[in-house]
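Novice: Sharing a structure with you now.
The values are calculated or read from the model by the stated rules, or taken from the named source; none is laboratory data. Only a predicted model underlies this, so the values are computations on that prediction, with no experimental measurement involved. Here Cβ is always computed from backbone atoms with ideal geometry, including for glycine, and neighbour counts include all displayed protein chains. These area figures cover heavy atoms from the full protein model, side chains too; ligands, DNA and RNA do not enter into them. Shrake-Rupley method; radii C 1.70, N 1.55, O 1.52, S 1.80 Å.
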Amino acid sequence: MADKKKAVRGPIFDTSLHVLKGALVTALGIRTGRSTLNVNCATVNSGRLTLQGIEAPLTAEKEDLIRTLVRNKVFENAPLTVFTAQRADAERLYGETMYDSFNVPASVTQLRLVMLPEWNLNCNINPVLASTGLLGSLEIVKFKHNEAKKTLEVHFEARPTSEVLPLAEEVVMESLPQLQEAVPDASVEGVAETDAPTDGADKITPWMVDVASAKGVDYDKLIRTFGCSKLTAAHVAKIQEVTHVEPHRFLRRGLFFAHRDLDTLLNNYQNGKPFYLYTGRGPSSESLHLGHLIPFMITKWLQDAFNVPLVIQLTDDEKFLWKDMTLEECQRLARANAKDIIACGFDASKTFIFSDTEYIQHLYPNICKIQKCVTYSQARGIFGFSTNDNIGKSSFPAIQAAPAFPTSFPHIFGDRKDIFCLIPQAIDQDPYFRMTRDVAPRLGFFKPALMHSKFFPALQGQQTKMSGSSESSAIFVTDSPAQIKDKINRYAFSGGQNTEELQRERGATLEVDVPYQYLKFFLESDEELAQIGADYSSGKLLTSQVKNRLAEVLSEIVLNHQENRAKVTDEMVDEFMRVRPMSFFQR
C-alpha cells in the first residue's frame, strides 16, 4: 500500500470525489456545475470535499441518505469514462455543469472530461480508477457545515482491497454523450420537466406510436433523443459469456437495440451480485396479440438463462383510469391475461404475478416515497397530462415505478435494498423508467437497468405498433391457422412489387415489408432468415411465398401457446399470484 503520510493526489482520491459529488448533488438537489469550492488531499486515500452555497446544516436523515448513496455507488461498481472534447463543443452541450469553482484558462481549447454516467461529469486532468467498486469501501468520516460561509465540508476515506488497481483508459467517442447521460439531470438535477420529443411528425409516447416514414422508427435517432445507449454485439457476447447460453434471437438480431446500465448489471452479476426481472401487462383485452408476447418471450429466456426471480405487474388500475371500462372488468381481464402469461412457460417457484388493485398495500409505502419526489409539473412534462385528465392518471406513474425497487416485495427480498432490477420493455415505456431512475438513488435504491425493444409493427405497416383494439392490425393468440393466414394475406403490408414480373426484376424492399419483419421476430433459424432475405430482395422469392412461410411459423407458435394455455387452471393462477416466500432466493 502506498505511504499514507504522503499527501499525493491520485486515482483513488479523484474517484472518491466523483462518487461523493454525485451523491451530494442527488441528495441535496444542488447543481453539479460550480458547486465544488475546493478539495483537499490528506492522504492517497482520504481528504476533504468542500461545497459552496449550502445554506443549512444537514439533517441526520440527509446524512444517512448521502452515506447510502455513496455505499450503493461503490457496490454498483459503475464504470468511469474518460474522453476528450473540443471546448466549444463541450460547453455547447454541458455549459457550466462540467466545471468547478475555478476557471479553465481561455487558451485551453481541448478538454479532458471524466464521466460517471448519470452521476457526475467533471473537466479534470487527473487519472481515475476504471470503476467505483475498486474503491473497496468509501466512508464519510464527518460532515462540517459553516453557516457564515455557507459551505459544507465532507471528510472521507477510501479503503481499497488491492494495491494494484486498473485505471480508466481514455476512449474515443463517436459522438459526445448528452447531458442527461452524464449527470442526474440535464441543466438542473431532478426529474426533467420536459420530455424530449422526436423530430418531425413522429410521436412516441407510452400510449401512442405514430411514425411518418414507411421504414418505421429511426432507432438511432431515438437513442439520441431519449439519451439511452446502443445495445451492441459486445453486450450480446457478454450475456453469452456470463450465462453460457446461446443468446435469444431477439438479441442476436438487434431487436433489443438500446439499454440503460446493462453493462453495470452484467458486471455485477458476474461478480455474484443478484438481480431480479420486472415486466408487466396492461389488461385491456380478452387475449394477447403477438406484440404482447415479445416482452414475455425475452423475459422467460432471461429468467432461465440467468436463473433469477421475476415479478410481473398487471396494471388493472391503469386500464380503468385510461379506458372506458369498469374496474371489475379490468380485474377480470387481469386474471384472464395471467393465464396467457403463465402459458409462456414461467416457473411458479421463481415468478410472482400481481395485480395492482390486489397487491397495492405492499407497494404503497414505496409509491408514497416516489410521489413525494416528483412534482405535478414534472409529471405533466414527462407524460403530457392535461388539466382535463383525471387525477388518477397523475398518480399512476409512481405505481408502475414501485416494482423496480426490491422492498416492494418483502416476501421475496425482505428489507434488502442491495438488489438490482432489470426491466425488458418496448422503448415507448422509457419515460416511466427515466422518472424511476431519477428517483431511485434519492430513496437509497439502485437505478433499474433497462433493455429496449423495437416496436412490433401493425400488419398495415411500420408507422405504428400492433394494437389489441384493432382486429385487422393484429394477430391474436386465440386466432386459428386459417385466421392467421387470412390476416397475413389480406392486411400485411408488402415491400414486394405489384406484379410477378417486376418482383423477379427488382425484388422486395425488406425494410418496409411486414411479413419479412415478422419473420425477424419469430423465425428461429438465422440461416433460413438470411436465405429468405437474400432471395426475396433479389426477386427469387415472391411475396406470396414469404407470406405462406410466415403463416406457417406464426400458426405453430400460436397453436403451441393455445395448447399451453388450455392447461392453465384457476388454481395455477392463484398460486402464481399468491404472496409467498420464494425458496429460490433464500440462500
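Novice: Please pick out the residue among I367, I360 that is part of a helix (DSSP H, G or I), open to solvent by less than 30 Å² (accessible area, probe 1.4 Å) and among the β-branched types (V, I, T).
Specialist: The conditions single out I367.
Novice: Does at least one position in region 7-29 carry a residue that is without any contact (Cβ under 8 Å) to a residue 24 or more places away in the chain and either within 22 Å of V439 (Cβ to Cβ) or in a strand (DSSP E or B) (or both)?
Specialist: no
Novice: Among (1) at pLDDT 90 or above; (2) in contact with a strand residue (DSSP E or B) (Cβ under 8 Å, 6 or more places away or on another chain), which single condition is S101 missing?
Specialist: Result: S101 passes all but (1).
Novice: Turning to a different aspect of this structure: Limited to region 382-437, what total is found for residues that are in contact with a strand residue (DSSP E or B) (Cβ under 7 Å, 6 or more places away or on another chain), surrounded by fewer than 21 Cβ atoms within 10 Å (Cβ to Cβ) and assigned to a loop (DSSP other than H, G, I, E, B)?
Specialist: 1
Novice: Residues A85, A106: which one is surrounded by fewer than 21 Cβ atoms within 10 Å (Cβ to Cβ), part of a strand (DSSP E or B) and more than 25 Å from the chain's Cα centre (by Cα)?
Specialist: A85
Novice: Under the condition of being among the β-branched types (V, I, T) and touching an Asp or Glu at 6+ places or on another chain (Cβ under 9 Å), which residue from region 118-171 is farthest from T43 (Cα to Cα)?
Specialist: Residue satisfying both the conditions and the ranking: T132.
Novice: Tell me the residue from V579, V568, V573 that is outside any helix (DSSP H, G or I), within 30 Å of A336 (Cα to Cα) and touching a strand residue (DSSP E or B) at 6+ places or on another chain (Cβ under 9 Å), please.
Specialist: None of the other options fit; the residue is V579.
The rows are residues; the columns are (1) under 21 Å from L24 (Cβ atoms); (2) hydrophobic (A, V, I, L, M, F, W, C); (3) in contact with a strand residue (DSSP E or B) (Cβ under 8 Å, 6 or more places away or on another chain).
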| position | (1), (2), (3) |
| --- | --- |
| R92 | no, no, no |
| R112 | no, no, yes |
| L121 | yes, yes, yes |
| G136 | yes, no, yes |
| E139 | yes, no, yes |
| V154 | yes, yes, yes |
| L165 | no, yes, yes |
| V172 | no, yes, yes |
| V183 | yes, yes, yes |
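Novice: Among the residues of region 88-103, how many are surrounded by fewer than 18 Cβ atoms within 10 Å (Cβ to Cβ) and in contact with a Lys or Arg (Cβ under 8 Å, 6 or more places away or on another chain)?
Specialist: Of the residues in that region, 2 qualify.
Novice: Here are some residues: A56, A27, A78. Which one is more than 25 Å from the chain's Cα centre (by Cα) and of a type in the set (A, V, I, L, M)?
Specialist: On the way: A27 fails: more than 25 Å from the chain's Cα centre (by Cα); A78 fails: more than 25 Å from the chain's Cα centre (by Cα).
Being more than 25 Å from the chain's Cα centre (by Cα) and of a type in the set (A, V, I, L, M) holds for just one of A56, A27, A78, which is A56.
Novice: Which of the residues belonging to region 407-431 are at pLDDT 90 or above and under 24 Å from A258 (Cβ atoms)?
Specialist: I419, F420, C421, L422, I423, P424, Q425
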